[in-house]
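Enquirer: Have a look at this one.
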Amino acid sequence: MDEIKSILLAEDDPNDVELTLAALAEHNLANKVEVVRDGAEALDYLFRRGKFATRPDRNPVVVLLDLKMPKVNGLEVLHKIKTDEKLKTVPVVALTSSRESPDVKRCYDYGVNAYVVKPVGFPDFINAVKQLGIFWAVLNQPPLNA
């Protein structure tokens with residue numbers, strides 16, 4: 001049975017969700033993208049709680065994480081991922097509008113794998129997401145126990 005490689009997109013802005021899904025679709029990477037709209041929902045997905053309690057016991061190949069989300073912010077989500085034994089090897093890409101130095105520093109302190117500032121222009125945004133999807137979902141080799 002082929003393993004389904006899923007991407008978790010944690011993003012509260014509907015326009016950014018639509019753009020991200022369109023960019024991933026251009027390289028056939030959008031067939032298994034789980035979209036969550038806030039940090040609490042992201043944690044429920046990752047820890048298989050609430051409405052995600054019955055989802056398959058596989059980690060996503062990458063988490064695309066906005067930092068400025070309601071309920072639980074992206075930095076808290078990142079910290080919980082990177083301090084959990086089952087999740088710490090999951091690559092996390094901060095895909096955010098924040099260029100603030102403290103955010104960048106804290107993300108790397110917490111173990112983020114990449115920090116990408118969302119480009120303002122539509123073509124640049126689409127290209128950045130395509131490159132992220134290709135690298136993390138296709139080229140990156142995760143640890144065998146992930």
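Enquirer: Here are some conditions: (1) part of a strand (DSSP E or B); (2) on the phi > 0 side of the Ramachandran plot. Leu8 meets all but one. Which one does it not meet?
Expert: Every condition holds for Leu8 apart from (2).
Enquirer: Residue check, Arg106 against (1) assigned to a helix (DSSP H, G or I); (2) modelled with pLDDT under 90, all met but one. Which one?
Expert: Status for Arg106: all satisfied but (2).
Enquirer: Here is a list of conditions, (1) touching an Asp or Glu at 6+ places or on another chain (Cβ under 9 Å); (2) at pLDDT 80 or above; (3) open to solvent by 20 Å² or more (accessible area, probe 1.4 Å), and Lys118 meets all of them except one; can you say which number that is?
Expert: With (1) touching an Asp or Glu at 6+ places or on another chain (Cβ under 9 Å); (2) at pLDDT 80 or above; (3) open to solvent by 20 Å² or more (accessible area, probe 1.4 Å) applied to Lys118, the lone miss is (2).
Enquirer: Determine which single condition Leu87 fails, assuming it passes every other condition in (1) out of contact with any Leu (no Cβ under 7 Å at 6 or more places or on another chain); (2) farther than 22 Å from Lys130 by Cβ; (3) of a type outside the set (Ser, Thr, Tyr); (4) open to solvent by less than 40 Å² (accessible area, probe 1.4 Å).
Expert: Unmet condition: (1).
Enquirer: Another question about this same structure. Restricted to the stretch 66-84, and to residues that are in contact with a Leu (Cβ under 7 Å, 6 or more places away or on another chain) and surrounded by 20 or more Cβ atoms within 10 Å (Cβ to Cβ), which residue is nearest to Pro14 (Cα to Cα)?
Expert: Checking each candidate, the answer is Asp66.
Enquirer: Can you find a residue that is in a strand (DSSP E or B) and within 13 Å of the chain's Cα centre (by Cα) anywhere in the stretch 52-63?
Expert: yes
Enquirer: Also, quick follow-up: Is it the case, given these coordinates, that Lys88 is under 21 Å from Phe125 (Cα atoms), more than 12 Å from the chain's Cα centre (by Cα) and basic (Lys, Arg)?
Expert: Taking the combined requirement at face value, the residue does not satisfy it.
Enquirer: Right, another one. How many of the residues in the stretch 27-65 are of a type in the set (S, T, N, Q) and touching a Leu at 6+ places or on another chain (Cβ under 7 Å)?
Expert: The qualifying residues number 1.
Enquirer: A further question on this structure: Restricting to the stretch 85-103, name every residue that is without any contact (Cβ under 8 Å) to a residue 24 or more places away in the chain, outside any helix (DSSP H, G or I) and out of contact with any Gly (no Cβ under 8 Å at 6 or more places or on another chain).
Expert: Glu85, Arg99, Glu100
Enquirer: Just wondering, is there one or more residues in the stretch 39-62 that are charged (D, E, K, R), at pLDDT 95 or above and surrounded by 19 or more Cβ atoms within 10 Å (Cβ to Cβ)?
Expert: Scanning the stretch 39-62 turns up at least one residue that is charged (D, E, K, R), at pLDDT 95 or above and surrounded by 19 or more Cβ atoms within 10 Å (Cβ to Cβ).
The values are calculated or read from the model by the stated rules, or taken from the named source; none is laboratory data. Just so you know, these numbers come straight off a predicted model, no measurement behind them. Backbone-built Cβ (ideal geometry, glycine too); neighbour counts: all protein chains shown. Only protein heavy atoms, including side chains, enter the accessible area calculation; ligands, DNA and RNA are left aside. Shrake-Rupley method; radii C 1.70, N 1.55, O 1.52, S 1.80 Å.
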